[in-house]
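All of the numbers you see were taken from the coordinates with simple rules; none came from a lab. Owing to the predicted nature of the structure, the values given are computational and were not obtained by experimental measurement. Heads up, the Cβs are rebuilt from the backbone with ideal geometry, glycines too, and the neighbour counts pull from every protein chain shown.
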Amino acid sequence: MPFDSNFLKENNAKFQWHPMAHPAEMQANPPKIICEAEGVTLTDVDGHKTLDSVGGLWNVNLGYSCEPVKKAIADQLATLPYYSAFRGTATAPAIELSHALKEWFAPDGLGRAFFTSGGSDSVESALRLARQYHKIRGDRDRTKFISLKKGYHGTHFGGASINGNANFRRNYEPLLPGCFQIASPYPYRNPFNETDPAKLAELVAASLEDEIGFQGADTIAAFIMEPVLGAGGVIPPHETLMPKVREICDRHGILLIADEVITAFGRTGAWSGSRLWGVQPDMMCTAKAITNGYYPFGAVMIHDKVAEVFESDRSSFGAIGHGYTYSAHPVGAAAALACLPEMVRLKVNENAAARGQELLDGLKALYQKHEVVGDVRGKGLMCALELVDDRASKKPIDKSRIGRVFETMYEAGVMVRISGPNMIFSPPLVITAEDVQTILQATDAGLAAA
Ligand SMILES: Cc1ncc(COP(=O)(O)O)c(C=O)c1O
């Protein structure tokens, strides 16, 4: 291996602050050092191998050995490593990708792309474009955003302000004014004490109506939601929720932004989460799997009806005063162009649905076996176990216990993501039935050690 493992261990977390971690804790308990990956398997600095049930970070959907994407990146670096997409210039891969994405997202009605460098950028861009849309139409008061508690929308100030988890907000307040959260479609814990997902969907929709009435519909720019909530603990809403939300937004002239940074490109078993629920959003935030995680890249997809408002504008309001140096980066665009046919060839949507069901069934069986499991949730290859110290009181599991679960699983050969009391499974969409069993066996061992 072309590195000095003693040096790496010696300096691990000393000079680098890690996202979503306390620097002192990282120094006390240094993170795993991942050195190589092949297929769906990671190798750490000691040569220990684990099956990556995290899928990088919900993004390496095609695994670590996707040669067409690696080649596209290398070829593009050789041809044109960078040029800007700001006014006046374009690049070949970005033009081709915009065309390919228009076709890809045609069933969602999304015909325009605004390229970004990742998920938080995509959310920020969508929020800004939503406000601008209303300004073009003369609805200048429509500036507010409504979102779901437990939702995760990245960490830019806009995204943090619509986030539904205090961990990402509290230390960074004050946040953007005019952002409001309603209850999450989370049957295990909700203020209505409602465990039936369909009834809960009704209550969440009623809360949205209520909040809109309270704020004044003509002050609200957009409602944003993940079709399946991911980082907040994998919460698949009842199938009626998103269509209801679509109807409410339409009735009040509010844009619906689908945050599909995780769910676009097959993870739920459908090519997009919106398509899974039969809804066309006004904008869709994508990133992550668009390049299989090999290059930082994202795209906000824009519905034809919204695009029409911008493109027919003849005032200064339609000019997009927003963008990033790396918007439409040609190397990222080339990577994405290589990903799309690979996803189709490997039918990752179908595999996500089939393997996801096996994983969910297996996790449900572990619920029967291990008292520490309070709740089991999943849709496609997004699954979670919520761990509790006590099933009756639902008291979240103690940190040290869940730490033991992680370490035991790691030793047993599976990397899992721990987020608060949740164990989150988001493996590459190319995993096999055998891989699912490996994940379940290691999870069984991990839970036994809790
Ligand atoms: C739904 C959702 N939106 C936005 C983001 C932010 O993406 P990024 O971390 O690439 O900025 C994430 C990241 O996990 C996400 O899951």
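Brief remarks on what is shown
- Over the range 258-337, the Kirkwood radius and the radius of gyration, each from Cα atoms, give a ratio Rg/Rh of 1.02.
- Counting neighbouring beta carbons within 10 Å and listing from fewest to most, the residues Asp121, Asp389 come out as Asp389, Asp121.
- Remark: for residue pairs Lys9/Lys395; Lys9/Lys71; Lys199/Lys379; Lys369/Lys395; Lys288/Lys395, the C-alpha separation exceeds 29 Å in Lys9/Lys395; Lys9/Lys71; Lys288/Lys395.
- Whole-Å distance, taken between Cα centres, linking the range 302-329 and the range 366-418: 44 Å
- Net charge, Pro30 excluded, C-beta distance under 11 Å - Lys, Arg +1, Asp, Glu -1: +1
- Bins of 5 Å, starting at 0 and running to the largest distance - Cα pair percent for the range 69-345: 1, 6, 13, 18, 19, 17, 12, 8, 4, 2, 1, 0
- Least to most buried among Ser312, Ser147 (fewest other Cβ within 10 Å first): Ser312, Ser147
- Global geometry of the range 22-97, whether rounded, prolate or oblate, following the gyration tensor of its Cα atoms and the 1.5 cut on a/c: prolate
- Helical contribution to [θ] at 222 nm, DSSP H n ≥ 4, -39,500 (n - 2.57), averaged over the chain, rounded to 500: -12000 deg cm²/dmol
- Cα gyration tensor shape for the range 20-146, rounded if a/c is under 1.5, else prolate or oblate: oblate
- Taking chymotrypsin sites (Phe, Trp or Tyr not before Pro) as exposed when DSSP calls them loop and at most 10 other C-beta atoms lie within 10 angstrom, the chain has its longest site-free stretch at 18-450.
- Summing Cβ point charges (Lys, Arg +1; Asp, Glu -1) relative to the Cα centre of the range 160-281 gives a dipole of roughly 320 debye.
- About its Cα centre, the chain has a charge dipole of approximately 680 debye under the convention of +1 per Lys or Arg Cβ and -1 per Asp or Glu Cβ, with nothing else charged.
- Cα-based shape type of the range 187-238, given that a ≥ b ≥ c are square roots of the gyration tensor eigenvalues and the cut on a/c is 1.5: oblate
- Computed log10 I(q)/I(0) for the range 337-381 at 0.17, 0.20, 0.32 Å⁻¹: -0.56, -0.66, -1.03, from the Debye equation with unit scatterers placed on every C-alpha and solvent omitted.
- Contact order relative to length of the chain, as percent, for alpha carbon pairs under 8 angstrom and 6 or more apart: 21 percent
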